[in-house]
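Below is one structure, written out as structure tokens; comments come after it.
The values are calculated or read from the model by the stated rules, or taken from the named source; none is laboratory data. These numbers come from a predicted model, not from an experiment. Please note: Cβ atoms are built from the backbone with ideal geometry, for glycine as well, and neighbour counts cover all protein chains shown.
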């Protein structure tokens, strides 16, 4: 007979899933950093080549000017016998200058084409990276939703007992209570109700302080979304497989019941001195 799956097995699976998510996120960050590095190197290389081409052009122009001045002085000194030679050499210099100009223009065009190619490649790589990040985000959202449903299914069967033991005699439980009224849309993970009191339970696979703050903001709008409960005392509770350090105490101080795993079920960890808040 196979061994039953324990809550510890599920915790380990949750941790393994979280580690896999962290690993994929790190890989995504590394790929993005590599793309940024390649793009930066390409930009630096293009700037270096442009600078070298400019310096080479200036050097050649300076050398051509010096040579022209020297030859002009020589022609003046030998004007009588060197006029034809001077004209020939001047024509040659013009030809060389034209060739140099054409060569410089060719190199500049090649450099621009290479720069455009690298920029296009960088854009393609960044687009691929964006698609990878989007796929990873969707996978994480799906995983988070599945774990959230698991927490709800773990907590829901115990809600009546847990709060009746705390003196809140709820008799009805509604999982995933939804409403859309007057522009307000709200979903409650678990709603426990009796004749005068109700408990709103928020379930998370990993409970953070931001989750607590967002839940309290939801509680302030609860009776606007569910006006038929306006005369009820509304209590709040948060539940999580894992709770970030200090968040349980933070929720306690905010007047919320805190539900955590205990053996094969769950338990409310608030002590006898706890004074719950009502909304």
Scanning region 180-195 for residues that are at pLDDT 95 or above and outside any loop (DSSP other than H, G, I, E, B), the one farthest from the chain's Cα centre (by Cα) turns out to be 193
Just to be sure I understand the filter: pairs with C-beta atoms under 8 Å, separated by 6 or more residues or on different chains, first member in region 203-220 and without any contact (Cβ under 8 Å) to a residue 40 or more places away in the chain, second member outside any helix (DSSP H, G or I) and surrounded by fewer than 21 Cβ atoms within 10 Å (Cβ to Cβ). Which pairs pass? 208/244; 218/186
Number of the condition not met by residue 170 [criteria: (1) surrounded by fewer than 16 Cβ atoms within 10 Å (Cβ to Cβ); (2) more than 32 Å from the chain's Cα centre (by Cα); (3) within 29 Å of residue 6 (Cβ to Cβ)]: (1)
Just one of 60, 31 is touching a residue at least 40 places away in the same chain (Cβ under 8 Å), surrounded by 14 or more Cβ atoms within 10 Å (Cβ to Cβ) and under 30 Å from residue 123 (Cα atoms); which is it? 31
What do you reckon, is residue 249 at pLDDT 95 or above, farther than 24 Å from residue 10 by Cα and exposed (fewer than 14 other Cβ atoms within 10 Å of the Cβ)? yes
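Yes/no matrix, rows are residues, columns are (1) in the same structural domain as residue 123 (by TED's automatic domain parsing); (2) touching a residue at least 40 places away in the same chain (Cβ under 8 Å); (3) in contact with a strand residue (DSSP E or B) (Cβ under 7 Å, 6 or more places away or on another chain):
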| site | (1), (2), (3) |
| --- | --- |
| 14 | yes, yes, yes |
| 35 | yes, yes, no |
| 41 | yes, no, no |
| 53 | yes, yes, no |
| 74 | yes, no, no |
| 84 | yes, no, no |
| 91 | yes, no, no |
| 111 | yes, yes, no |
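Does at least one position in region 205-215 carry a residue that is assigned to a loop (DSSP other than H, G, I, E, B) and more than 24 Å from residue 160 (Cβ to Cβ)?
Here is the first cut: in region 205-215, the ones assigned to a loop (DSSP other than H, G, I, E, B) are 208.
Filter once more, so that each one left must be more than 24 Å from residue 160 (Cβ to Cβ): 208.
Checked against the condition, which is being assigned to a loop (DSSP other than H, G, I, E, B) and more than 24 Å from residue 160 (Cβ to Cβ), region 205-215 yields at least one hit.
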